[in-house]
Every structure is written in C-alpha cells, then in structure tokens.
Amino acid sequence: MRHPLYDAPTYDKPIQVQPKIIELPPEELTIFDEVAVDENYDGKLAAHQIQQFRRQMLHNVLWTIASYSVTLFLALTTWNSREPVHSLLAITLLLALCTFVCFPWLRRTYKLQIDLRTGEVSRTDGTIVRSHKLKQLIGRRYTRFYYDFYLSINGTKYQVSKEVYLMCGRRVPYRVYYMPHTLDVVNVHSL
C-alpha cells in the first residue's frame, strides 16, 4: 500500500509553488504603527522607532567587525616571510573581498546614522501601487523561495514587510512616512 505523502511519484523538474497573497479589504483608517503616528506626523521619529533602528545599526556594525576580524585572521595565516610580495597580494585580495561583502552593511549603517542623527521623518501622499518580486535563495541542500514586497507612491519605490504590504489596499490614497536617506517606511495610514 502506498502512502499519499511519502510514496508520491518523483518529478524530474522541481515544482514551483506560488504562495497565495491574501487581499485584505481596506479599512477606513489603517495605521501601521498607532503609537508613533502623532510624532511621525510632526516629522520626528518615535522613541521606540529610534531604538529599533539603532539595534539594526549595531547589528550591521557587529557583522562588519566580525567579517573584517575573520579576514584579518585569514590574511595573517597566509603571511609567508620568504615571499612577502605574494603574501601582500593575498592579503589585499582578502581585504578587497571582505570590503565587497561588507559594503552594503557599511552604506546602510552610514545612512541610518544620518537619519538617526537628524531624527527627521518625511511624508508623501498619494495612491499606492503594490508590487512583489519572487526571489530564490539556493543553498547546498535546499532551495527557498521568498517574496520582496514593494510600495510605489509618486514614483518612489519603498521595500516593506509583508504585513504593511497586505495592509495597504490597491488604488486607495495613503500617507507614507519614511526616513529620507534610507527610504525605510516607518508608518502608513489611509487618507
């Protein structure tokens, strides 16, 4: 007797599963972060938002320091006193590779630092156009599919979480509060 889950026929091609995105009906006033909407309206970040972005910045800095530490350790282990030219070349290549990997973290940390120093929040009003993009993460033993969710308003595209994406209805006017340098959406509500 065959079990329907474990003894299923095998296929040569991988099966692509498209997750269904549920469309929520727009409410009269949908607010992403009710606690901070007054401060965001005044053009400032709320205290818990500042704390959240500082944690992100610290996370980026720690990953960068760890990456450079590992790179420096690898560079020192490749040092050969007999042929210093080859050793310097290997060290330079390792540091260049580490800089290439760490550059997005460093750029985001720099932009977050500017946004947190000023504490400003910009806002824009308009009709939101939602879009999503299916991405694929390939590992050694698995392949994982996931979505990146975007909101476009007045020609500017913001990457948002799935919750914010589902909260925003199509062709409904919204006000989006965002940080000016990183373009991180901090609050959304309908008009």
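The values are calculated or read from the model by the stated rules, or taken from the named source; none is laboratory data. Owing to the predicted nature of the structure, the values given are computational and were not obtained by experimental measurement. Note: ideal-geometry Cβ built from the backbone for every residue, glycine included; neighbour counts use all protein chains shown.
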Q: Among the strands (runs of 3 or more DSSP E) lying completely within segment 76-191, list those that include at least 1 residues that are in contact (Cβ under 8 Å) with a residue 40 or more places away in the chain, among the aromatic types (Phe, Trp, Tyr) and touching a Cys at 6+ places or on another chain (Cβ under 7 Å).
A: 173-178
(Q) Among (1) assigned by TED's automatic domain parsing to the domain that holds TRP63; (2) surrounded by 13 or more Cβ atoms within 10 Å (Cβ to Cβ), there is one condition ARG107 misses while meeting the rest; what is its number? (A) (2)
(Q) Quick check on segment 72-85. Is at least one of its residues of a type in the set (D, E, K, R) and over 30 Å from ALA36 (Cα atoms)? (A) yes
Q: Scan MET167, MET179 and give me the residue that is modelled with pLDDT under 85 and crowded, with 19+ Cβ neighbours inside 10 Å.
A: MET167
